[in-house]
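Read through the structure below, which is laid out as structure tokens, and then see the notes.
The values are calculated or read from the model by the stated rules, or taken from the named source; none is laboratory data. Please read these numbers as outputs of a predicted model, since none were measured by experiment. Virtual Cβ from ideal backbone geometry, glycine too; neighbours counted across all protein chains shown. Heavy atoms of the whole protein, side chains included, go into the accessibility calculation; ligands, DNA and RNA do not. Shrake-Rupley method; radii C 1.70, N 1.55, O 1.52, S 1.80 Å.
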Amino acid sequence: MDIERKVVWTIKKYSLMKKTDKVVVALSGGKDSTSVLYILKKLGYNVEGLMIDLYLGEWSEIHRRNMERFCLENEVPLTVVDLKKEIGQGICFVKAVLAKKKGLTGCTVCGVIKKWVLNRWARKLKADVIVTGHNLDDEAQNVLMNYLKGNVELGIGMGPATGHGKVEGFIQRVKPLFFVPEGEVRKYAQEKNFDILYDRCPCALGTYRVDTRGWMRENMTDEAKRDVVDGFMARSAGIRDKNLDVREIMKCEVCGEVCRGKVCKFCEIVRCV
Ligand code: AMP
Ligand code: ZN
């Protein structure tokens, strides 16, 4: 199955979105989010781009210019959110402080901040869904990393549609490239001649994810990645239905965003910067 057909299949099988939905695509500027935006537009979905300027120096500037051009060429509205206006700092500063104060390293901080900003802005844009460019490799890495860290339960509930589902104020996040291996996305983007950067995030150096990715590239075929993800999803579905998400969904006492517990992860980490 080619990548476009896989996207159609995934959307249908997991009911990810409807043609009448307002679909906001979270754009990093990389090959995955650019490709998924292109494919959804081609399939006739009502798409818009949403990009967070993280202030990662020249890297962010180039990605931003690329997405401005790409969206203009493809007649897709684009909103760029300035992280300094949102939280007062660029991502590097936040990460540096958290590494020192809380020993938080890797991509966790970035992930928490991105989700928080994306949900707020997608809501402002009146989106029905947020699309991210996560691919099969990302998902297989998550399964392996959670397993190796002894946190298997973290992955329970994973799938092409994530998050809290239908909860007021929370915009469902969906991943149409969930079953597409990274190599196939790269090939697609190159064949389409997307004028974008193919480098990896300059922050993600020496992280656990990078090591896992390197190991996976050497040791796993695309079929094996699919087996890992399918196997995990099948086994965890029953567990999720029985036990998971018994924690109440609440509103964060500090920022008012949807979360589980009194204070959301974003406020927990950003408050101490
Ligand atoms: P990453 O966390 O960099 O692996 O990115 C995973 C997905 O998150 C991407 O495919 C995008 O959909 C989204 N994303 C990453 N960075 C940004 C950003 N700066 N602005 C908006 N969305 C982003
Ligand atoms: Zn909060």
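Quick notes on this one:
- Segment 3-270, relative contact order [Cα under 8 Å, separation at least 6], %: 22
- Relative packing of 50-61, 10-21, 167-178, which averages over residues the other C-beta atoms within 10 Å, highest first: 167-178, 50-61, 10-21
- Alpha-carbon radius of gyration plus Dmax, which is the widest Cα pair, for segment 167-233 in Å: 15.1, 43
- Packing-based order for 124-135, 89-100, 26-37, using average beta carbon neighbours within 10 Å, highest first: 26-37, 124-135, 89-100
- Across all directions, the average flat footprint of the convex hull enclosing the Cα atoms of segment 1-82 is 5.6 nm².
- Accessible surface of the chain, 1.4 Å probe: 51 percent of it comes from carbon and sulfur atoms.
- Extending 7 Å from Cα along the Cβ direction at A237 and again at T79 yields two label points whose distance is 3.4 nm.
- Kirkwood-based shape ratio for segment 34-179, expressed as Rg/Rh from alpha carbons: 0.97
- Among the listed pairs K13/K187; K95/K149; K192/K265; K41/K265; K6/K265, those whose Cα-Cα separation exceeds 27 Å are K192/K265; K41/K265; K6/K265.
- GluC sites (Glu not before Pro) lying in DSSP loop within segment 70-114, provided at most 12 other Cβ fall within 10 Å: E75
- Distance from segment 2-46 to segment 121-185 (C-alpha centre basis), Å: 14
- Spin-label pair N219-K126: with each label point 7 Å from Cα along the Cα-Cβ axis, the two points sit 5.1 nm from one another.
- CD proxy at 222 nm, helix term only [per DSSP H run n ≥ 4: -39500 (n - 2.57); per residue of the chain; nearest 500]: -15500 deg cm²/dmol
- Kirkwood-Stokes translational diffusion coefficient of the chain, alpha-carbon pairs, 20 °C, 1.002 mPa s, µm²/s: 111
- Per the Debye formula on identical point scatterers at the alpha carbon atoms of segment 113-214, with no solvent, log10 I(q)/I(0) at q = 0.15 Å⁻¹ is -0.80.
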